[in-house]
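This report concerns only the one structure given below.
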Amino acid sequence: MPSATVNNHRPSELLSRLASSEPEVKLRALREVKNQIIGNRTKKLSFLKLGAVPAVAGILADSADDVIDCNNNNCNVNNNINNILVQSAAALGSFACGFDAGVQAVLDAGAFPNLLRLLSNSNEKVVDAGARALRMIYQSKLAPKYDFLQQKNMEFLISLLNSENENVSGLGASIITNSCETSLEQKALFDAGILRRLNSLLECGSLSQKDASLESLASIFKNNSEVVSKFAGPEIERPLGSIIDLLKDRYPRTRLLACMCLIVIRSTSPNLLQDIGIKSKLIHILIELLDDPGQVGDEAPFAFSSLIAQKEDLQKLALEANAIDKLHHHLQKGSLHPRRYEGILLALADMCSKLESCRSKFLSLQVLNLVTDALTVDSADVRTAACICLKSVTRSIKVCNVGNSFAVLVLIFNANRAYEMPIQNLSAGYFINEMVVVPLVQLFLDPSTSVQVAALGAISNVVVDFTTHKCIFVQCGGMKQLVQLATSMESAVRSNALWALKNFVFLADNRLKESVFSELTASLLSSLICDPEPSVQEQALALVRNLVDGCINSVEFMFAEDGLILGAIGRQLQSTVKAEIGIQGMYALCNVASGNEFHKEAVMHQLFPQMVDKNQSFMINFLQSNDSQLRTATVWTIVNLTCRSSPGAFGRLVKLRNAGIVSQIKNMVNDPCVDVKLRVRTVLGQSMAFGDN
């Protein structure tokens, strides 16, 4: 059978044909434009640059006006007009499909209201073409937001959902997915009976209607436990059952969307869907969907991540289902789509975020080499995900437990100094090697800020090493680059660079601390303490806290350049309203107060400056804080200032008593926090030794 002749005109030629006065020529040109751009972003871009979208939008508008004229004059609409409407709508939908630049061009050309007009056309094909094009637009975040709180809009939405045309009802669901964002909108949709209609589409709708309904239900449920509870109640017949049934649907995309909808319900109302059978089913389905070669397989790992994130019970079930093995298997395949590559790395990150058994499995399979390879791929999203994965797997519950025990020993038996224990802890030196450190350091200069921040987050864990391996990081230039990044224009980069430096100097020897301080300088560190961003202030103070612990030499850092750093800390403590900043600042002063008489008096000067007004000392506010860590840090500082072996302790105690501090301390003997209570008793014991009853 001979093949059909296919015209393939150049875009510029087609554009001139679109301007033809002959309907047949115009119709063929519209059809060819549509056929050339379907699934071809390069072609779409070429036509966009030539101004094809305004031309097609103009044809749509003119033809829609012709239909109105015919209706007003009671004449029949020419078939060519309807065909032109169908093809122009289809072409505009193709421009918008999966292409934000195309969506923006369609909106800028004023085509949106004319596409809406097509929904009231008497010709079913025209209605269907208009609905399809609008659905393509509503796949994008650029689509016009819909105000569900206006009665006329809600009535129009209900009419769409009640339509027998599946593209029209699907458009209604797509509008909900795109525009439903606030709890008021979610409640309004429920009160209008929208969820009952969506549920009926799940039961007896077409494939397209089921998928669109699942997506819109997830939008209505998100972070709204009241709506979820009502949906799961007696008002709607088989509410969750209709979604659970779709987990067994023959179509992979429907199964994925059903999983995603149930995950939203679980996250919003944790008391629902607690049956272990449902949990296991969700895990197994999402793992199976990784095998899908298309978009479903690309999105499945993201759904899997959202299911198990921060949930140890689900991570344990996933481990038993061999999730890490299967994720590893997919990584080994190579040549992955960037979206799938990113998702698998993030799924591994969530798998290794809590359980040591998961990290052990990760290491036993030697997944680390594949994750390290991902640090150098072209996609910024994949590089970011690889860094997040390394950050997650370099945590260690075992080391964390040892670390916390060590911290308790420091607090009790070496009560003159306070260390900032890293929140994320390292699997004891396993990752301190060039294979991991060098590519991470190279990402410090990545053009993508998100990659920089993720790389800094990973290195923050890697550099927490209690041995001598920190020299590897210094030798590859990591330490100097961290100091440079602390001056970045991006606050997230500054904050994370300081976080990494804080962990780097944790329990480091004095020579390494001197090296870091000489790179930082007192002037830079003091300016970071006074940074406009609170997160930067907090990490700068935490870095100082770790820098000045351990020995008398490190305390001297605080007095460089006429005490710039100490003065900056004092100013921040006097003005801050954030407990986190107060905690780090007080612990830094606590460590300085563990030094000699000069150091202790310098701290007193910051706590009670000579020129301060008669208002209540910020120390009283800290001692009365609801944050137990801030109360602990403040009392611990007082412990160091009033140590009985110190010659000036009595004079400082008198100043503290006159400022009302000792009286406040006496009111804290039964503090609900054990750490506070222990240190309060120490202060009162030292006070009584000086004859204060």
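The values are calculated or read from the model by the stated rules, or taken from the named source; none is laboratory data. If you're wondering where the values come from, they're calculated on a predicted model, not measured in any experiment. All Cβ positions, even for glycine, are placed from backbone atoms using ideal geometry, and neighbour counts span all protein chains on display. In case anyone asks, the SASA skips ligands and DNA or RNA and just uses the protein heavy atoms, side chains included. Shrake-Rupley method; radii C 1.70, N 1.55, O 1.52, S 1.80 Å.
As a test question: what accessible area, to the nearest 10 Å², does Ser280 have when a 1.4 Å probe is rolled over all protein chains in place?
30 Å²
Please give me the summed charge of the neighbours of Gly58: other residues whose Cβ is under 12 Å from its Cβ, Lys and Arg +1, Asp and Glu -1.
-1
How many percent of all Cα-Cα pairs in segment 125-250 sit more than 19 Å apart?
44 percent
For Asn510 and Asp108, compute 0.36 nm times the residue count separating them, minus their Cα-Cα distance, and round to one decimal in nm.
138.5 nm
Need one number for segment 349-398: average projected area of the convex hull over its C-alpha atoms, nm². Display every interim value, and only then the final one.
Working: hull surface 12.4 nm².
Mean projected area for segment 349-398: 3.1 nm², to one decimal.
Taking the radius of gyration and the Kirkwood hydrodynamic radius from Cα positions alone, what is the Rg/Rh ratio for segment 7-144, to two decimal places?
Numbers: Rg = 14.0 Å, Rh = 14.7 Å.
Rg divided by Rh gives 0.95.
Quick one: how many Å² of Thr449 are accessible to a 1.4 Å probe, rounded to 10?
Accessible area, nearest 10 Å²: 50 Å².
Could you give the dipole magnitude of segment 553-693 about its Cα centre, charging the beta-carbon of Lys and Arg +1 and that of Asp and Glu -1, in debye to the nearest 20?
Values: 13 positive and 11 negative charges, 102 e Å.
Taking the Cα centre of segment 553-693 as origin, the dipole is about 500 debye.
How much solvent-accessible surface does Met351 expose, in Å² to the nearest 10, with a 1.4 Å probe and all protein chains in place?
It works out to around 0 Å².
Taking only C-alpha pairs under 8 Å that are 6+ residues apart, what is the relative contact order of segment 7-144 in percent? Present the calculation step by step, with values, prior to reporting the outcome.
Working: 176 pairs, mean separation 33.3, N = 138.
Across segment 7-144, relative contact order equals 24 percent.
Could you please report the charge total around Ile324, scoring K, R as +1 and D, E as -1 over all other residues with beta-carbon less than 14 angstrom from its beta-carbon?
Numbers: positive: Lys316, Lys326, Lys354, Arg359, Lys361; negative: Glu320, Asp325, Asp350, Glu356.
Net local charge, Ile324 excluded: +1.
What angle do you read, to the nearest 10 degrees and between 0 and 90, between the alpha-carbon axis of helix 449-462 and the longest principal axis of the chain?
40 degrees
Which lysines, on any chain, are close to Lys311 with Cα under 28 Å apart, when same-chain ones fewer than 8 places away are left out?
In chain and number order, the partners are Lys222, Lys230, Lys248, Lys279, Lys281, Lys326, Lys354, Lys361, Lys391, Lys398.
Roughly what angle does helix 124-137 make with the longest principal axis of the chain, taking Cα atoms, 0 to 90 degrees, to the nearest 10?
Its long axis makes an angle of about 20 degrees.
Which order do you get for Arg28, Arg359, Arg395 if you rank them by accessible area with a 1.4 Å probe, largest at the top?
Numbers: Arg28 125, Arg359 5, Arg395 55 Å².
Highest to lowest solvent-accessible surface, that is Arg28, Arg395, Arg359.
If the label point is 7 Å along Cα→Cβ of Phe598, which residues in segment 558-578 have backbone nitrogen under 13 Å from it?
The answer is 558-563, whose backbone nitrogens lie closer than 13 Å to the label point.
For a protection proxy built on the mean count of beta-carbon atoms within 10 angstrom, sort 488-494, 108-114, 500-506 highest first, please.
On the way: 488-494: 16.0, 108-114: 17.9, 500-506: 26.4.
Sorting 488-494, 108-114, 500-506 by mean packing, highest first, produces 500-506, 108-114, 488-494.
Determine the dipole magnitude for the chain: charges of +1 sit on the beta-carbon of Lys and Arg, -1 on that of Asp and Glu, nothing else is charged, the reference point is the Cα centre, and the result goes in debye to the nearest 20.
1080 debye
Based on the Cβ-Cβ distance from His605 to Ser450, what FRET efficiency comes out when R0 is 41 Å, to the nearest 0.05?
Efficiency at R0 = 41 Å is approximately 0.45.
Tally Lys/Arg at +1 and Asp/Glu at -1 over every other residue whose Cβ is under 13 Å from the Cβ of Ser20; what's the total?
The answer is -2.
With labels modelled as points extended 7 Å from the Cα through the Cβ direction, what inter-label distance (nm, one decimal) is found for Glu164 paired with Cys204?
The two pseudo-label positions are separated by 1.3 nm.
Going toward the positive end of the dipole of the chain, with +1 on Lys and Arg Cβ and -1 on Asp and Glu Cβ, which of Ala173, Pro252, Ala455 do you reach last?
Ala455
Could you tell me how many degrees, from 0 to 90 and to the nearest 10, lie between the Cα long axis of helix 23-37 and the main elongation axis, the longest principal axis, of the Cα atoms of the chain?
Computed tilt is about 30 degrees.
Taking only C-alpha pairs under 8 Å that are 6+ residues apart, what is the relative contact order of segment 255-339 in percent?
It comes to 28 percent, rounded to a whole number.
How high is the relative contact order of the chain, given as a whole-number percent (alpha carbon pairs under 8 Å, six or more residues apart)?
Averaging sequence separation for qualifying contacts and normalising by length gives 5 percent for the chain.
For segment 612-692, compute the orientation-averaged projected area of the C-alpha convex hull (one quarter of its surface), in nm².
Taking a quarter of the hull surface, the average projection is 5.2 nm².
Which of the following values of Cα Rg over 2.2 N^0.38 Å was calculated from the structure shown: (i) 1.00; (ii) 1.23; (iii) 1.30?
Checking each listed value against the structure points to (ii).
Find how much the distance from Lys125 to Leu142 grows on full extension, using 0.36 nm per residue of separation minus their present alpha carbon separation; answer in nm with one decimal. Write out the running numbers ahead of the final one.
On the way: separation 17, 0.36 × 17 = 6.12 nm, distance 2.63 nm.
Taking Lys125 through Leu142 to full extension adds about 3.5 nm, to one decimal.
Asp62 to Asp378: FRET efficiency via 1/(1 + (r/R0)^6), r the Cβ-Cβ distance, R0 45 Å, to the nearest 0.05? Let's see the in-between values first.
Details: r = 45 Å, r/R0 = 0.99.
According to the calculation, E is roughly 0.50.
Rounded, prolate or oblate: pick one for segment 518-666, where a ≥ b ≥ c are the square roots of the eigenvalues of its C-alpha gyration tensor, a/c under 1.5 means rounded, and failing that, prolate if a/b is larger than b/c, else oblate.
oblate
Keeping all protein chains in place and using 1.4 angstrom, which order do Phe231, Phe156 fall into by accessible surface area, from largest down?
Per-residue accessible area, sorted high to low, gives Phe156, Phe231.
Expressed in nm to one decimal, what extension gain is obtained for the pair Glu155 and Met688 from 0.36 nm per residue of sequence separation less their Cα-Cα distance?
184.2 nm
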